[in-house]
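This report refers to the structure that appears directly beneath it.
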Amino acid sequence: MTLANIEIRQAQIDDLAAIFHLGEQVFTPQDVANLYRTWDEFEITGLFNSEPENILVAEQNDQVIGFAMGTTINKAGSAWSYGHLLWLGVAPTFARAGIGDLLFSRFKELMQEKGIRILLVDTQADNDPALAFFRRQGFENPTDHVYMTMHLRKDS
Ligand SMILES: CC(C)(COP(=O)(O)OP(=O)(O)OC[C@H]1O[C@@H](n2cnc3c(N)ncnc32)[C@H](O)[C@@H]1OP(=O)(O)O)[C@@H](O)C(=O)NCCC(=O)NCCS
């Protein structure tokens, strides 16, 4: 796979359906209990409404082949602001071609331009490709975070 003719640009409204369907292909949690963040159309429309500049697409020959979506966070009492890369996805046919790298580099630049000092990412603990990708980008200090579930019966 070649990196020729790939453009990284801010998403426009016409890209939203393509981003949604690509996300449906790449975000496939094996276990519903792990769905603490769910990929649905509101993830995109909500962010497009509030922080459109933080949604990037990778495009080749008029086709969206990857995207990055993030948000910025200002915590009360903290002098530093944070950037959270919420969703990063690359079409499986373009895997390991450097598209994720291009998207992340542009996302990082964008955050630097905004004065962000700390970037956060999160993913499932068994998502080895993503963990390898994030480590290679320079992310460190992985912190365990446990999610628990409880089944509620109608009569309880
Ligand atoms: C994670 C993801 C975005 C990487 O995108 P990509 O375009 O394939 O990544 P790149 O080609 O830029 O890869 C750069 C490096 O990341 C690591 N990497 C990427 N995919 C990997 C895999 N399947 N296994 C191991 N390492 C991997 C490697 O270090 C790779 O460098 P190398 O190919 O020279 O070894 C992509 O696999 C994806 O969309 N995954 C599903 C969605 C997801 O889990 N997103 C992250 C959480 S929101």
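Each principal axis of the Cα cloud of the chain was evaluated for its coordinate range; sorted largest first, these ranges are 58, 38, 31 Å. In terms of overall dimensions, the C-alpha atoms belonging to region 22-109 reach 44, 34, 24 Å along their principal axes, ordered largest to smallest. Ranked for footprinting exposure by Cβ neighbours inside 10 Å, fewest first, 146, 26, 57 give 146, 26, 57.
List the residues of region 89-121 whose backbone N lies under 18 Å from a point placed 7 Å from the Cα of residue 20 along the Cα-to-Cβ direction. Under 18 Å, as judged by backbone N against the label point of residue 20, lie 89 of region 89-121.
Counted by neighbouring Cβ atoms within 10 Å, the residues 81, 50 run from fewest to most as 50, 81.
How far is helix 41-50 tilted off the main Cα axis of the chain, in degrees rounded to 10, range 0 to 90? Here the helix axis deviates by roughly 70 degrees.
Taking θ as phi - 60° and the Karplus parameters 6.51, -1.76 and 1.60, the scalar couplings of region 124-130 work out to 5, 5, 9, 8, 4, x, 5 Hz in sequence order, x denoting glycine and proline.
Counting charges near residue 131 (Lys, Arg +1; Asp, Glu -1) among other residues having Cβ under 14 Å from its Cβ returns a value of -3.
The calculated FRET efficiency for the pair residue 117 and residue 53, based on their C-beta separation and a Förster distance of 22 Å, comes to about 0.75. For 40, 62, 126, the sequence from fewest to most other C-beta atoms within 10 Å is 62, 126, 40. Here the extension length gained between residue 147 and residue 45 equals 34.1 nm, from 0.36 nm per residue of separation less the Cα-Cα distance. In the chain, Cα pairs under 8 Å separated by at least six residues give a relative contact order of 23 percent. Charged side chains reduced to their Cβ positions (Lys and Arg at +1, Asp and Glu at -1) give region 31-133 a dipole of some 420 debye around its Cα centre.
Any read-out appearing in this document is the output of simple, stated calculations on the displayed coordinates, not a laboratory observation. This structure is a prediction, so every number in the text was calculated from the model and none was measured. Heads up, the Cβs are rebuilt from the backbone with ideal geometry, glycines too, and the neighbour counts pull from every protein chain shown.
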